[in-house]
1. Do we find that Glu80 is in a helix (DSSP H, G or I) and either out of contact with any strand residue (DSSP E or B) (no Cβ under 7 Å at 6 or more places or on another chain) or free of Cβ contacts under 8 Å to residues at least 12 places away in the same chain (or both) in this structure?
2. Just to be sure, is Gln119 surrounded by 10 or more Cβ atoms within 10 Å (Cβ to Cβ) and either without any contact (Cβ under 8 Å) to a residue 24 or more places away in the chain or on the phi > 0 side of the Ramachandran plot (or both)?
3. All but one of (1) closer than 28 Å to Gly76 by Cβ; (2) not in a strand (DSSP E or B) hold for Gly153; which doesn't?
4. Residue by residue through the range 83-118, note down the ones that are assigned to a strand (DSSP E or B), charged (D, E, K, R) and out of contact with any Leu (no Cβ under 8 Å at 6 or more places or on another chain).
5. Which residue out of Glu73, Glu67, Glu63 is at pLDDT 75 or above, touching a Pro at 6+ places or on another chain (Cβ under 6 Å) and within 30 Å of Arg150 (Cβ to Cβ)?
Amino acid sequence: MSSMFPSDKDNHKSQLPEPFRDLIKSMNNFFTDKPVKGFLQSIDDFFSQPFPLGTGFHVDTVETAKEYIISAELPGIKKEQIQLNINGNYLTISIENKELETEENELTHVYRRKYIKQQASRTLSFPHAVNEKLVKASYRDGLLQIRIPRESGKIIDIEE
């Protein structure tokens, strides 16, 4: 029974023997040196983003006393590819790009068709329901700007 529990004498033997200590030290150095550390950092950066690059777009929201101003950077996107959807207190900006590429080679009788569909969307929430009749949107030079007036609730006087 006493051999099952290490004694204080055995504690100094629990350290790794010299060859293993050197091996572990060299492995630690390998993973923390610049080339491998940079590679591992790039992998961490890749997985820290929820979507691959190019599938999302940048949106800024500014709140003033009278309105919310939403700006979305959409370079290279045509106005026809943008859709705005208002549902309650949510605004969704959607972009969809569809392309059909065909390639024909009469000599080799190779016909190739490729259908490309890219889409991205962002949804913003507001503290009150959005009145779609009052929303104004403009698109110029790759910048979508949406203006939503702020609605103030009714103030109720409290009686004594």
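1. Details: in a helix (DSSP H, G or I): yes; either out of contact with any strand residue (DSSP E or B) (no Cβ under 7 Å at 6 or more places or on another chain) or free of Cβ contacts under 8 Å to residues at least 12 places away in the same chain (or both): yes.
Here the answer is yes, as Glu80 does meet what is asked.
2. Details: surrounded by 10 or more Cβ atoms within 10 Å (Cβ to Cβ): yes; either without any contact (Cβ under 8 Å) to a residue 24 or more places away in the chain or on the phi > 0 side of the Ramachandran plot (or both): no.
Against the criterion (surrounded by 10 or more Cβ atoms within 10 Å (Cβ to Cβ) and either without any contact (Cβ under 8 Å) to a residue 24 or more places away in the chain or on the phi > 0 side of the Ramachandran plot (or both)), Gln119 does not qualify.
3. The single condition Gly153 does not satisfy is (1).
4. Taking the range 83-118 first, the residues assigned to a strand (DSSP E or B) are 83-87, 90-105, 110-118.
Adding the requirement that they be charged (D, E, K, R) leaves 96, 98-99, 101, 103-104, 112-114, 117.
Selection gives Glu96, Lys98, Glu99, Glu101, Glu103, Glu104, Arg112, Lys117.
5. On the way: Glu73 fails: touching a Pro at 6+ places or on another chain (Cβ under 6 Å); Glu63 fails: touching a Pro at 6+ places or on another chain (Cβ under 6 Å).
Going through Glu73, Glu67, Glu63 in turn, the sole match is Glu67.
The values are calculated or read from the model by the stated rules, or taken from the named source; none is laboratory data. All figures in this text were calculated on a predicted structure; none of them were measured in a lab. Neighbour counts are summed over all protein chains in view; Cβ atoms, including those assigned to glycine, are modelled from backbone coordinates with ideal geometry.
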